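Comments concern the structure below.
Bear in mind these aren't lab numbers, they're just calculated from the coordinates by the rules spelled out. Just so we're clear, the structure is a prediction, and the values are computed from it rather than from any experiment. Note that we place each Cβ from the backbone using ideal geometry, even for glycine, and neighbour counts take in every protein chain shown.
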């Protein structure tokens, strides 16, 4: 019975594998182009309440000669292309500002020495406050000029909101620090949010942990498998394909599994044959991560996108907790998948072989286990799970080019908290990370939630270096 | 396509202020990774505290710039101790993730609204380095010949940056050839052997972390002075990855490895940038493949590819000695 079930699953999987790659190769390049930003200076002018300020004139000069000027559009955006990298002076024409607004500091309308690096769009911020407030007197300390994070097509939105990990779609329906709601309700609500985040981290981190367990490789490119999953599902579920998201997710899982398997076969297996050092492989995976991430940026663009289905939903009330059906489904399915993985590891032949290889590779090989086959299976499963986690993360947050990298550190935190190499440890650790991140917002700003999760990692390393479920092992 | 101007851009890039600053930070990383075998993936955190040491001291507290640099160095020492005391007993790969996490934690806190009165939050701080430029002995408009023409401002930064790099390299050379450095290399080669000879391995690792961290903080303050602004999001983990690319390219555990690596790295990066820009605008590469706006991303994809190929085929880099660098955990 069990064997027949496995065969059926395998057959479905194979079918997906066969139909997916050609289709994905054909559609990826036609994906959304990146926002136009060559060597230029740009910015978005916003009032105190984040309301865009249109029709304001900004002038760019170099050594006294005007290079160009722009007027902010309806969204408050402006951009001035500059001929070559170098230092420029950016001036905001105060007379074009609306009457009720002024700059946060005196003299803040002129930003000297704004240096533009080759290839990047330099983002310049003019902080505005209402006329009623006092201007800061200290000259020049107000204007903020930010580097376009060095990667050309990044806009302020994606660097600003992207790092805090809590954009609009991911925000809980109730304010965690709003004291009008009873503390217990807020606590329960954030616990549910934490379980949701933890479940998503866990399904992506299991693959990372299994790969580490079997090959001792710390795979920095695992985050990119997450992004690939989310992006593939996005491409298939929007024009021109318009597949239902469920089907697109199945394709994404297949592509993720395929990419995971391809990485193993084309890169990691040959490297192991060359008996490359672990640090060498670690750094190769960093290079691979940089490569894949920026390829995704090139083809997908820097925008944050939402899936067209299941994005806007009414919350349902479960006692004191409010949750969207989407989030409930994502959490439930993630936990179900985790149980599936645990069942596989515990009961099936390949799962037992995987644990054997993790425990002692040489001994497993000597007792007749095909180690390479086990490792390939682990990569395929890990890739598929990462892709699924990517779709879930995209559903609850947004789909963007470095979402996987943002999630990667949380995955590492989960894996190490639980104990490197133990798949169950990775699951437990991920839930701890998710809970710490979300519960911290009860007392601290949302922008710091990832910081607290990483701090929890360092604290656990201090008290129990082998992790929650890891085996003690002395080193150094 | 003007090939001469592309090449001259690249030639300027290889000696420009960025190359000097990255070389300096890489010298510090080389002490950690090359000589001690510490997998420090948080070098950017040292640069961050160095940069903010200068920026906060001058812009928020109104102290002189020199004091700011010293404060930055002090912060780096504290950071190295705080980071090193718990993590240096861990295995190499744990250390890597703990340090990268520490760098991110610092970045999150520096950009948070809590820290805004001190650090300017996401806006960062600007215009704090006038004290440095007032000392500029170069007063003309431009210096150099042909492709190597720099403004007085860049030249001043370059002179200071490259001198510091050379000084720090010489310092590292002296230390490494002293008994202290021999112990460091012994720790890298075989920690157990060093321990059994009665050496305090943990202490030596901590000293190495502090020394490399101070050099990293110097590079960070120079980076802040160069652009006259600090902004937390430019101190992300990718900076550390570039530093690793530079150290490995030049050759880890070689005195001049980081310097050579930085010069070549910035030559390649500026060359790629100029070339791709010219090729897309002149239509040599059709816009259906790469658009002008994607050049930044494509360039970083190439950096990643380069790092991979380097590590696969020539892990010891250009100057490195394969025997001396067995890249393995413990």
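Averaged over its residues, how many other protein chain Cβ atoms are within 10 Å of peptide B:124-135's Cβ atoms?
For this peptide, the per-residue mean of nearby foreign Cβ atoms is 3.
Subtracting the Cα-Cα distance from 0.36 nm times the residue separation, let me have the gained length for residue A:370 to residue A:316 in nm, one decimal.
Result: 14.5 nm gained on full extension.
Report the Cα-based extents of segment A:319-387 along its three principal axes, largest first, to the nearest Å.
Principal axes ranked by extent give 56, 21, 16 Å for the Cα atoms.
Can you tell me, using C-alpha contacts under 8 Å and at least 6 residues apart, the relative contact order of chain B as a whole percent?
Taking the mean separation of contacting Cα pairs over the length of chain B, I get 33 percent.
Taking every pair of alpha-carbon atoms in segment A:311-436, give the share separated by more than 22 Å as a whole percent.
Of the Cα pairs, 46 percent sit more than 22 Å apart.
Starting from the Cα gyration tensor of chain B, take the square roots of the eigenvalues, sort them a ≥ b ≥ c, and report rounded, prolate or oblate (rounded when a/c is under 1.5, otherwise prolate if a/b is larger than b/c, else oblate).
Oblate is the answer for chain B, as a/c is 1.5 or above yet b/c matches or exceeds a/b.
Would you mind classifying segment B:1-96 by shape? Square roots of the alpha carbon gyration tensor eigenvalues, ordered a ≥ b ≥ c; an a/c under 1.5 is rounded, otherwise it is prolate if a/b is larger than b/c and oblate if not.
Cα axes put segment B:1-96 in the oblate bin.
Quick one: if the Förster radius is 51 Å, what FRET efficiency do residue B:159 and residue B:78 give, using the C-beta to C-beta distance and rounding to 0.05?
For residue B:159 and residue B:78, the calculated efficiency is 0.95.
Once label points are set 7 Å from the Cα along Cα→Cβ at both residue B:167 and residue B:147, what is their separation, rounded to one decimal in nm?
Roughly 3.1 nm, to one decimal.
Average partner chain C-beta neighbours within 10 Å, per residue of A:443-450?
3
With just the Cα atoms of segment A:181-463, tell me how far they stretch along each of the three principal axes, in Å, largest first.
Projected onto its principal axes, the Cα set of segment A:181-463 covers 60, 51, 34 Å.
With an 8 Å Cα cut-off and a minimum separation of 6 or more residues, compute the relative contact order for segment B:1-123 in percent.
With pairs under 8 Å counted, the relative contact order is 23 percent.
Rounded to a whole number of µm²/s, how large is the Stokes-Einstein D of segment A:258-330 at 37 °C and 0.692 mPa s, given Rh as the Kirkwood radius over C-alpha pairs?
200 µm²/s
In units of 2.2 N^0.38 Å, what is the alpha-carbon radius of gyration of segment B:171-270?
Taking the Cα Rg and dividing by 2.2 N^0.38 Å, one obtains 1.28.
Based on C-alpha coordinates, I'd like the Rg and Dmax of the protein assembly as shown, in Å.
When restricted to the Cα atoms of the protein assembly as shown, Rg and Dmax are 26.1, 85 Å.
Within segment B:64-90, list the residues whose amide N lies under 14 Å from a label point set 7 Å along Cα→Cβ of residue B:135.
Answer for segment B:64-90: B:64-71.
Kindly rank B:78-91, B:30-43, A:338-351 from highest to lowest mean number of other beta carbons found within 10 Å of each residue.
The most tightly packed comes first, giving B:30-43, B:78-91, A:338-351.
Is any residue of segment A:283-306 close enough, with backbone N under 20 Å, to a label point placed 7 angstrom from the Cα of residue A:274 along the Cα-Cβ axis, and if so, which?
In segment A:283-306, the label zone of residue A:274 (backbone N under 20 Å from the point 7 Å along Cα→Cβ) covers A:283-292.
Regarding segment A:202-307, what's the average projected area of the Cα-atom convex hull, expressed in nm²?
7.1 nm²
Between residue B:85 and residue B:281, what length in nm is gained on full extension when 0.36 nm per residue of separation is reduced by their alpha carbon distance?
65.3 nm
Would you calculate the separation in nanometres between label points at residue B:305 and residue B:4, each defined as 7 Å from the Cα along the Cα-to-beta-carbon direction?
With each label point 7 Å from Cα toward Cβ, the separation is 3.0 nm.
Sort A:425-434, B:141-150 by packing, meaning the average of other beta carbons within 10 Å per residue, with the highest value first.
Listed from highest to lowest mean packing, they are A:425-434, B:141-150.
Counting other beta carbons within 10 Å of each residue's own, what order do A:274, B:314, A:42 fall into, fewest first?
Lowest to highest Cβ neighbour count: A:274, B:314, A:42.
If R₀ is 35 angstrom, what is the calculated FRET efficiency for the pair residue A:241 and residue A:188, using the beta carbon separation as r and rounding to 0.05?
With a Förster radius of 35 Å, E is 0.30.
Mean separation of Cα pairs under 8 Å and 6+ residues apart, divided by the residue count of segment A:329-387: what relative contact order is that in percent?
For segment A:329-387, the relative contact order is 20 percent.
For peptide A:268-275, compute the average count of partner chain beta-carbon atoms within 10 Å of each residue's beta-carbon.
Per-residue shielding by partner chains comes out at 1.
Rounded to the nearest 500, what is chain B's calculated 222 nm mean residue ellipticity when only DSSP H runs of at least 4 contribute -39500 (n - 2.57) each, over all residues?
That calculation yields -21500 deg cm²/dmol at 222 nm.
Let me make sure I get this right: for segment B:1-43, a, b and c are the square roots of the gyration tensor eigenvalues over alpha carbons, sorted descending. Under 1.5 in a/c it's rounded, otherwise prolate if a/b > b/c, else oblate. Which is it?
Cα axes put segment B:1-43 in the prolate bin.
Which order do the peptides B:188-201, B:209-222 come out in when sorted by mean C-beta neighbours inside 10 angstrom, highest first?
Final packing ranking: B:209-222, B:188-201.
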